[in-house]
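The values are calculated or read from the model by the stated rules, or taken from the named source; none is laboratory data. Just so we're clear, the structure is a prediction, and the values are computed from it rather than from any experiment. When we count neighbours, we look across all protein chains shown, and the Cβ atoms used for this are built from the backbone with ideal geometry, even at glycine.
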């Protein structure tokens, strides 16, 4: 059952329960808590936020003070959310958590030794969150006074974990859709929409000698290549160019497919000379890249022209116009070169 559907169903059920019902007060309280947990998780799209909500409700439903939500993946166990000060987050493996991750079964005990807990003895319960047929998380609750967790506690957590799994799956689908909407399908680079958003967020630099750089890149004679070699070869050439450009930039710099055979780079907080060097390095790496048919291109290689504009700020429209102008000058001057326009004084 989906998170939203569960929340709606629990609201309807609550409306049908009369005050004279024979349902135990604790059961009614826990059912209401599940409904509230489902409602909160349905409105959250961040997986860490969902983990925190799940932990809050697990603690409340079992009247516990200490707990953790543990993410489980191929890299191991990671604490995504914690409450209380009894955990040794560097020692999550080798005890109850590893057993639950391996078996996919709820486990509870009063422990006198447990690597993940610093205050012992303590009562523990760990319940797996199952997604896609495997353990993706663990709700881990601790009572430092060693009061054992009951069958009712275990049943309450067992009812919560499928709701957590459903909420995490919805958040994952949202993350995937967001990533796809910001990514070029052919090259895997960020797309033009992402460039527009990133330009709006670039901050201005007032310190002398630092600036932002925007580079527009165009594959030289690409129509000639595409017509001669075919669209499949053209697509592979664009992927190769994308990899070459991405390999030339600094960590933190951003590379985009702007559209067609055009690419862009956004270089934040950079020295003007270094900006030109990054662009020149990208040009050289592309020229050295070999793809089928590139030797038939003018000059015997696949090449790019690059226009770079240096700005203190990054107002999207004028900055992109200047980068386009620099690119036009590079192509007019014979292609396979870098032209730089320093507009830092004009953008104070």
Item to complete: Select, from 156, 126, the only residue that is in the same structural domain as residue 57 (by TED's automatic domain parsing), touching a helix residue (DSSP H, G or I) at 6+ places or on another chain (Cβ under 7 Å) and modelled with pLDDT of 95 or more.
Response: 126
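A quick yes/no check of all residues on (1) in contact with a strand residue (DSSP E or B) (Cβ under 8 Å, 6 or more places away or on another chain); (2) not assigned by TED's automatic domain parsing to the domain that holds residue 330:
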| residue | (1), (2) |
| --- | --- |
| 146 | yes, yes |
| 170 | no, yes |
| 201 | no, no |
| 215 | yes, no |
| 221 | no, no |
| 226 | no, no |
| 245 | yes, no |
| 253 | yes, no |
Worksheet item: Can you find even one residue in region 159-166 that is more than 25 Å from the chain's Cα centre (by Cα) and buried (at least 20 other Cβ atoms within 10 Å of the Cβ)?
Response: yes
Discussion item. Which numbered condition in (1) assigned to a helix (DSSP H, G or I); (2) surrounded by fewer than 18 Cβ atoms within 10 Å (Cβ to Cβ) is the only one that residue 237 fails?
Written reply: (2)
Worksheet entry | Entirely in region 244-348, the strands (runs of 3 or more DSSP E) that have 3 or more residues that are more than 27 Å from residue 180 (Cα to Cα) | 304-311, 338-342
Worksheet item: Out of the residues in region 101-113 that are assigned to a loop (DSSP other than H, G, I, E, B) and at pLDDT 95 or above, which is nearest to residue 142 (Cα to Cα)?
Response: 106
Practice prompt. Pull up region 69-92, narrow it to residues that are outside any strand (DSSP E or B) and out of contact with any strand residue (DSSP E or B) (no Cβ under 6 Å at 6 or more places or on another chain), then point me to the one that is surrounded by the fewest Cβ atoms within 10 Å (Cβ to Cβ).
Written response: 74
Worksheet, complete the sentence: The one condition residue 318 fails out of (1) under 20 Å from residue 339 (Cα atoms); (2) at pLDDT 95 or above; (3) out of contact with any helix residue (DSSP H, G or I) (no Cβ under 7 Å at 6 or more places or on another chain) is (2)
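For every residue, the table says whether it meets (1) buried (at least 21 other Cβ atoms within 10 Å of the Cβ); (2) part of a helix (DSSP H, G or I); (3) touching a residue at least 40 places away in the same chain (Cβ under 8 Å).
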site: 146; (1), (2), (3): no, no, no
site: 169; (1), (2), (3): no, yes, no
site: 188; (1), (2), (3): no, no, yes
site: 200; (1), (2), (3): no, yes, yes
site: 224; (1), (2), (3): no, yes, yes
site: 227; (1), (2), (3): no, yes, no
Worksheet, complete the sentence: Within region 49-68, of all residues that are touching a residue at least 12 places away in the same chain (Cβ under 8 Å) and not in a helix (DSSP H, G or I), the one nearest to residue 154 (Cα to Cα) is 64
